[in-house]
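This report refers to the structure that appears directly beneath it.
The values are calculated or read from the model by the stated rules, or taken from the named source; none is laboratory data. The model shown is predicted, which means the values in this text are computed figures rather than measured ones. Methodologically, a virtual Cβ is constructed for each residue, glycine included, from the backbone with ideal geometry; neighbour enumeration extends over all protein chains shown. Just so you know, the surface numbers come from the protein's heavy atoms only, side chains and all, with ligands and any DNA or RNA stripped out. Shrake-Rupley method; radii C 1.70, N 1.55, O 1.52, S 1.80 Å.
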Amino acid sequence: MATPAAGIAKVFGLLKLAKPENPDYTQTTFRIPKKLSRQINRVLIDLADKGVEIDRSDLLEELANAFIRIVDEVGAVEALEQVKHLGTQMDEC
């Protein structure tokens, strides 16, 4: 049972809804290679060790938003090419 304070906080938008209850979110399932999944998990653990709490869903949201910003600037085809070559661009620095 919710406390009166929680009810007031919810009315004023002070409580963040969990994603499964948030109507602004949708559940999506996709497959990635196991090796990539383990690499992501290691990065998330490293971030947590440094005090940065982010889960796989939040990470994907950040990456997808960055991709969409690039699409808005250069178009979808060029954005995809830039993302595909992002790792090689880092190697060139």
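Structural remarks
- Accessible-area value, F67, 1.4 Å probe, nucleic acids and ligands omitted, Å²: 70
- Measuring only protein heavy atoms, the 1.4 Å probe finds I54 accessible over about 50 Å².
- Cut-off 14 Å between beta-carbons: net charge of the residues surrounding A79, Lys and Arg +1, Asp and Glu -1: -2
- Other residues within the sphere of radius under 12 Å centred on the Cβ of Y25, judged by their own Cβ, net out at -2 (K and R +1, D and E -1).
- On the basis of the beta-carbon distance and an R0 of 41 Å, H85 and T29 show a calculated FRET efficiency of 0.90.
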